[in-house]
Structure formats: structure tokens, C-alpha cells
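Peer 1: Dropping the structure in here first, questions after.
The values are calculated or read from the model by the stated rules, or taken from the named source; none is laboratory data. A quick note: this is a predicted structure, and the numbers were derived from the prediction, not measured. In this analysis, Cβ positions are derived from the backbone assuming ideal geometry, glycine residues included, and neighbour counts consider all displayed protein chains.
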Number of protein chains: 2
Amino acid sequence: MWFILYGMMLDKEKRIQEFIEACKGMGLKITPQRVAVYEVLLNREDHPTVEDIYNEIKKKYPFVSLATVYRTVETLEELGFVKKVAYWGGSIRYDANTSDHHHLICVQCGAIRDVEFRINWEPPERMEGYRVLNYSLHIYGVCPTCQAKEN
Amino acid sequence: MWFILYGMMLDKEKRIQEFIEACKGMGLKITPQRVAVYEVLLNREDHPTVEDIYNEIKKKYPFVSLATVYRTVETLEELGFVKKVAYWGGSIRYDANTSDHHHLICVQCGAIRDVEFRINWEPPERMEGYRVLNYSLHIYGVCPTCQAKEN
DNA sequence: CAGTATATTGAAAATCATTAGCATGTGGTT
DNA sequence: AACCACATGCTAATGATTTTCAATATACTG
């Protein structure tokens, strides 16, 4: 197992380096706040809200403010390091997994998980006049935790 | 063309009747507000927010209040006459098209259109412990209007 | 390595979307 | 027509996000 964990660690380090490079490229300053936000997102498998990120960051870096987390997450999205995940209601959720994947969404509690599988469909370049960029399959259902509560 | 328009009109009338029946069945009262909200949703091809619905209703029925539109839209969703549409940020959007279809979403302005086509994929009953209910393909791109602004 | 310009931050206030509380009004039933 | 429970309108409350602005820290320059 050690090589997997080691590989993941390297991968995260690499991504943080890429983020730092991207900031430099855009003339953005490298601040501990920016790095901390991206670090938290890279270490989470779920899809935290800004509030979630803020709460986790405060443990390690109590100096970071909520407004900064909002701003940083926005920056990360513009640079393509995280994606917003669609969900009706509640807060926006963020995902540092920018590879192609789909989402499993709990209609009760809003929990969102990534699922990796391929569908046999490729988006056309254009559709109804839209210039197509990407797509994602949203699968709605009831998560195990909420199923357990159903009684 | 007359027969298509006439058919659509009948269809909308029929849906309103179905809604009225459904309300009776659930012991809900038939109020002009409830009917007005569903009427607006049936007449729109786009995916209005609650605010949008409210503004349109006020023209014809100035007595309706915003809180009631929120409540009614919730009722319509519970009875299965409209669906919420996922979108990151801004307001929740509603869709009176409850048939299987997918969504084309503009990443610039948030405009959402229905697109009807089939993908060669059927959801499994269960997935990662979730009890699967339904799914929808979200295709992100830039709408014609926003493309026109790009210069 | 200090000095400086400027982007970034924290804190609080402002804004926007949505929900809740409560007094009043109305649909549907007798 | 009268009654009663549910629905509505208004307003205040809540929650999420954005903005403002003074204070601060980064990265550049000499």
C-alpha cells in the first residue's frame, strides 16, 4: 500500500505546485490562505461546501476568514483546479476531482459522491446553438445513511 | 399549424385539470393562486426561478404574493407536476416538463434549455449503496446569446 | 535587504434567496 | 348562509454569498 499513499501524496504536492505556477502566471500572489484552501479540497473525497472548507481550515490555520475561502474557491474555479457541483438548494459544493466523472446525489440530504464509469455517448461540438464544453451525468437517489433513517 | 397549437392548448388544459384532481385527492384546496402558478410554468419553455414566476404572475394576478409562489412551487414538486433543475449558484429553477429529458446549461448566464434525446445507458437499481431514482445529463456550454457578446 | 506599490485579507455590513410566524381571508362542506 | 380548517399575505428571520474598506503582506525594485 505504501506506494499508493506515497503516489497520492506526490500527486497532491504536484497539484499544489501547479496551482502556485498558475497563480504566478496570472499575476496572482501566493498566500498561505490560497494554498490552505486548495490543500483542504485535495484532501477531501466528498464535496464540501465553503462553510465545510472554512471549518476544516480553522483547525490548522485559525487566521483564515470565511470571505477569503469564498474568494479563493472562486479563483480555483477560474483557474480550473476545482469544479462547482450542481445541486438544487443549499450551498454550492466544490470538487477538486477535475477528471471526467459523474455524480450520485442524495435527494434527502444532498450528499454528493463521485462515480467513475463511462457512458457510451460523446457530446457534439455544438448543440442547439450552444458551444458545448463538457457534461456530467447526475444520478439522483437515496444514500445509505438516509435509507437507514427510513423507519 | 392550428392543430398543433390546439393540441398544445388541450394538453395544458388537461394538465391543469390533472393538477386540480391531484389537489382534491390530497385534500388540498383549489385556489386561483395555485392554478396561476402552474399556468405560468406550463406556458414557459425556459426554466424560470421563483422570482421569474412571481413577476409574470403579477401582470395578470397582482394579488399573488412571493411567499405563496414559493409554497405552490413546492407543492407542485411534491405532486410531481414540476421538477427542480440543478444549477450551481443563483436561484433554483423549475421545469414543468416532467418527461425524460436532459439539460443544456449556459456557463455564462445560467440559461437552461431542455434537450430531448436518448443516451444508450440505463441506470442500475442500486449504485454504491444508493437507491437510484432517476438521472439527468447536464451539458455545459455557452449559449448563442452569450457567444454573441464575446467580442 | 529595506522600501514601495499593489493585490489580498479580515471583519462587518449589505445583498439576495428562501423560510417561518402569525393574523386574516377563503374554499368547500353542512 | 355559516362554519372551520387550510391557504394566503405580509413581515421578520434565517442562511448563503458578495461587497466594502481599512489594514496587511507579497513580490518586485534598487
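Peer 1: How many of the residues making up the stretch B:55-88 are part of a strand (DSSP E or B) and near DNA strand D (Cβ under 9 Å from one of its atoms)?
Peer 2: Looking only at that region, the number is 0.
Peer 1: Only one of (1) part of a helix (DSSP H, G or I); (2) in contact with a strand residue (DSSP E or B) (Cβ under 8 Å, 6 or more places away or on another chain); (3) within 14 Å of DNA strand C (Cβ to nearest atom); (4) more than 21 Å from B:Arg15 (Cα to Cα) fails for B:Ser91. Which number is that?
Peer 2: Among (1) part of a helix (DSSP H, G or I); (2) in contact with a strand residue (DSSP E or B) (Cβ under 8 Å, 6 or more places away or on another chain); (3) within 14 Å of DNA strand C (Cβ to nearest atom); (4) more than 21 Å from B:Arg15 (Cα to Cα), the lone unmet condition for B:Ser91 is (1).
Peer 1: Which pairs do you get when a residue that is in the same structural domain as A:Val69 (by TED's automatic domain parsing) and near DNA strand C (Cβ under 8 Å from one of its atoms), found in the stretch A:22-37, comes within reach of a residue that is at pLDDT 95 or above and β-branched (Val, Ile, Thr), reach meaning Cβ atoms under 6 angstrom, with the pair 6+ apart or on two chains?
Peer 2: A:Cys23/A:Ile30; A:Gln33/A:Thr68; A:Arg34/A:Thr72
Peer 1: Out of the stretch A:104-141, which residues are more than 9 Å from every other protein chain (Cβ to nearest Cβ), not acidic (Asp, Glu) and not in a loop (DSSP other than H, G, I, E, B)?
Peer 2: Answer for the stretch A:104-141, where residues must be more than 9 Å from every other protein chain (Cβ to nearest Cβ), not acidic (Asp, Glu) and not in a loop (DSSP other than H, G, I, E, B): just A:Ile112.
Peer 1: Another question about this same structure. Would you point out which residue out of A:Thr98, A:Thr49 is in contact with a strand residue (DSSP E or B) (Cβ under 8 Å, 6 or more places away or on another chain), at pLDDT below 85 and more than 10 Å from every other protein chain (Cβ to nearest Cβ)?
Peer 2: Sole residue among the options that is in contact with a strand residue (DSSP E or B) (Cβ under 8 Å, 6 or more places away or on another chain), at pLDDT below 85 and more than 10 Å from every other protein chain (Cβ to nearest Cβ): A:Thr98.
Peer 1: In addition: Restrict the check to the stretch A:128-148 and report whether at least one residue is over 13 Å from the mean Cα position of the chain (by Cα), over 28 Å from B:His102 (Cβ atoms) and of a type outside the set (Val, Ile, Thr).
Peer 2: For the stretch A:128-148, residues over 13 Å from the mean Cα position of the chain (by Cα), over 28 Å from B:His102 (Cβ atoms) and of a type outside the set (Val, Ile, Thr): present.
Peer 1: Okay, next question. Do the conditions hold for B:Ala36, that is, is it outside any loop (DSSP other than H, G, I, E, B), exposed (fewer than 13 other Cβ atoms within 10 Å of the Cβ) and at pLDDT 90 or above?
Peer 2: Values: outside any loop (DSSP other than H, G, I, E, B): yes; exposed (fewer than 13 other Cβ atoms within 10 Å of the Cβ): no; at pLDDT 90 or above: yes.
Criteria not met by B:Ala36.
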